1. Please work out which residue is nearest to Glu188 (Cα to Cα), limiting yourself to region 60-74 and to residues that are over 23 Å from the mean Cα position of the chain (by Cα) and surrounded by 16 or more Cβ atoms within 10 Å (Cβ to Cβ).
2. For region 426-441, name all the residues that are among the aliphatic types (A, V, I, L, M) and buried (at least 20 other Cβ atoms within 10 Å of the Cβ).
3. If I filter region 225-246 for residues that are crowded, with 22+ Cβ neighbours inside 10 Å and among the aromatic types (Phe, Trp, Tyr), do I get at least one hit?
4. What about Val426, is it hydrophobic (A, V, I, L, M, F, W, C), within 14 Å of the ligand (Cβ to nearest atom) and within 24 Å of Ala358 (Cβ to Cβ)?
5. Can you confirm whether Val277 is in contact with a Lys or Arg (Cβ under 8 Å, 6 or more places away or on another chain), over 16 Å from Gly187 (Cβ atoms), of a type in the set (A, V, I, L, M) and open to solvent by less than 10 Å² (accessible area, probe 1.4 Å)?
6. Only one of these conditions is not met by Gly81: (1) at pLDDT below 95; (2) in contact with a helix residue (DSSP H, G or I) (Cβ under 9 Å, 6 or more places away or on another chain). Which number is it?
7. Can you report the number of residues in region 451-492 which are under 20 Å from Ile151 (Cβ atoms), more than 10 Å from the ligand (Cβ to nearest atom) and in contact with a Leu (Cβ under 7 Å, 6 or more places away or on another chain)?
Amino acid sequence: MREVNRRQFLAYMGIGAAVGLVQSCGGGQGPIGMMMGGGGGGGTTTPGDPFQDPPLAQLTRNGNIVETSLSPMRAQATINGQSVTMMLYNGSYPAPTIRVRSGDILRVNFTNDLPANADITGTNVIGYDMSVTNLHTHGWHVSPSGNADNIFLHFNPGDSLTFEYDLSKQWGGMMGFYHPHNHGTVGEQFWRGLAGGALIVEDDTSELQNYEEHIMIITDISVSNGLPTEWTRMDYMRILGDTVMVNGQVNPVLNIQPGQVQRWRILNACVYRYLRVSLQNHTMYLVGTDDNLLDSPVQVNEILITPGERVDILVKADQTPGTYTFEDLNSNTPLVTVEYSGAQTNDSIPTTITSDIANWVAQLRQMDTSNLRQVTMTLNFVRGQGAINRQVFGQNTYILESPVGTYEVWTIVNQTGMDHPFHQHVDGAVILNINGGDPAYAQLYSTINGLKDTINVPPMGSVTMLVPVLDYTGDTVFHCHILGHEDIGMMGIWRRV
Ligand SMILES: [Cu+2]
């Protein structure tokens, strides 16, 4: 991208600071929020249609070989009653959910059906061809090479490939997600609708198997002339959609029986929006993080979910029957209206959860890390571009070489005034310490036995994590999961040797 001048750069920084202010005062409603055009989905406070889970991907199973098809294409969706031309996998909005098991081999017949030089493609403002795409399985512990989770592949319109993901080393009990990862177009393709759930289900014997389960993929969007808005240079730094949705619905109504426990698997698939979710008058029980089930539920009244993060929670309808709002406290935006209805029941929250991975993480937390390799990475803006260790991806890319079969301690230092959710592919990490930002978030993730592939690095703060570099060799990446930041260069190569 063309470099911006110093005045524009400072303007970006100022925006970052103002956003922090808006969010910390629960804003979007006040004069700052209005001035910034930010905040919540205005006018969406009326409860909408019945809640719908995303459709399931059509899978063909033959033993442990599972096959499906995914094709990004130009297609229409209805958002808030308005027809919008989007980029959608198989024309479906929201995208189909893939549910597979540990030990499966998943084959995805992928074809880029995006049109070249159409209203939703063409060249974006930072100079990349929007019709070029690829596929990433965020959170999956699979090979980053060949025809697996290889984000260095590029698909022009009409190109196809059968991806193959060997899930023999991927445990159950996590929700990953799939989306494009073609550098320079990731953020805008995501914004235009290309993101879907990719679950690895746990064993049938799990304590969590029998709860009514819902997937909540939270996105935001702004529409102009029947299209998701085209990004300006500024949008790469910061973009809040004016409509916030769960599974493509604005404030849908979800029924829960009095006394029932439901399991909600939530993904923040907004490009930039930080969600602080809470269910009015109810306690939530965190049972899983990005990459695994915990060993026991953790009670939370609210939880910060930054872009790319997932939470697996249980909620129990144990209050006076009525209607309660599941909302984003940062912007006072209702996400789902939860309505008690039906027969009284009395489900219980489990006291323990069977999770080999949580047990392993507990052991890792006891590890003496002083003799491990220590790596420091800084997150920066350099002349309006994103950078890691002041190196811009694609120009003078920062490369970290890590031997597989080892453990490393990474400290990610945020040298900017904005939050950055840091994401590394292939292996989740044990968060040892978070310096700065929301104290509850820092306390939670630096103590629970959950692996994180995405973790917020607070403004001028840092995160220290223990990274198991388990097995797969090959080049992959780590980057900021504000995908606009990644597109302007806040990404590095992780060379696993
Ligand atoms: Cu960032």
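1. Checked region 60-74; the qualifying residue nearest to Glu188 (Cα to Cα) is Glu67.
2. Val426, Ala429, Val430, Ile431, Ile434
3. yes
4. Criteria not met by Val426.
5. no
6. That leaves (2) as the condition not met.
7. Number of matching residues: 1.
Results for (1) at pLDDT 95 or above; (2) under 19 Å from Asn251 (Cα atoms); (3) in contact with an Asp or Glu (Cβ under 9 Å, 6 or more places away or on another chain); (4) open to solvent by less than 10 Å² (accessible area, probe 1.4 Å), shown as yes or no for each residue.
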position: Asp290; (1), (2), (3), (4): yes, no, yes, yes
position: Gln299; (1), (2), (3), (4): yes, no, no, no
position: Val315; (1), (2), (3), (4): yes, yes, no, yes
position: Thr323; (1), (2), (3), (4): yes, yes, yes, no
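The values are calculated or read from the model by the stated rules, or taken from the named source; none is laboratory data. Please read all numbers here as calculations on a predicted model, not as lab measurements. Cβ coordinates were reconstructed from backbone atoms using ideal geometry, including for glycine residues, and neighbour counts include every protein chain displayed. Side chains are part of the model used for accessible areas, which takes the heavy atoms of the whole protein and leaves out ligands, DNA and RNA. Shrake-Rupley method; radii C 1.70, N 1.55, O 1.52, S 1.80 Å.
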